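First comes the structure, then the notes that go with it.
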Amino acid sequence: MTCLEQMPLHYSPAPALNGGKVTEITMRSDAHLSRPMLAAMMIELSGNSDQRWLCWVADRPLKPLLNADVHQHDRKILQVVSNSDRDLCEIAVRALERGKSHTVAILLERPLRDDERDALEVAAHAGEAECLVVFMQS
């Protein structure tokens, strides 16, 4: 059975920030439902009525996860691929701060450090965006 866990963040680094803008989910990389579920989430987020883009930050492109039957003409997805796991959080923070994306989805294979989580939260508030952190566990 696949475990999907959402951990809301009920704390923020500054008292003025109300409401968590970072959502964390954990998925098993070997589960047969993880890829279709992740693809469905990204497709749904990319169809958001907000005129800004969905930003995908990961060590692999999103396109192989998406089904070939999905029509991409109305999807607004910006992909940023980096081989360095440390760079992924920094890239996501910059993307969130700029506010060009309604949602920044980041794919990680390790849990966030507290300082990374705090930086993502502050950046999401600054850019009036949401952050989706997906942990792929082996």
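Assorted remarks:
- Residue 37 paired with residue 78, simple spin-label distance in nm, labels 7 Å along Cα-to-beta-carbon: 2.9
- Just the protein heavy atoms count here, and of the accessible area of the stretch 91-138 at 1.4 Å, carbon and sulfur take up 47 percent.
- Less than 5 angstrom separates the built amide H of residue 28 from those of 3, 137, all sequence-distant by 5 or more or on a different chain.
- Taking each residue as 0.36 nm, the span from residue 138 to residue 90 lengthens on full extension beyond its C-alpha to C-alpha distance by 14.9 nm.
- Charged neighbours of residue 53, selected by a Cβ distance under 10 Å, balance to +3 (K, R count +1; D, E count -1).
The values are calculated or read from the model by the stated rules, or taken from the named source; none is laboratory data. Just so you know, these numbers come straight off a predicted model, no measurement behind them. Counting neighbours? That spans all protein chains shown, and the Cβs are built from the backbone with ideal geometry, glycine included. What goes into the accessible areas is simple: the full protein's heavy atoms, side chains included, and nothing from ligands, DNA or RNA. Shrake-Rupley method; radii C 1.70, N 1.55, O 1.52, S 1.80 Å.
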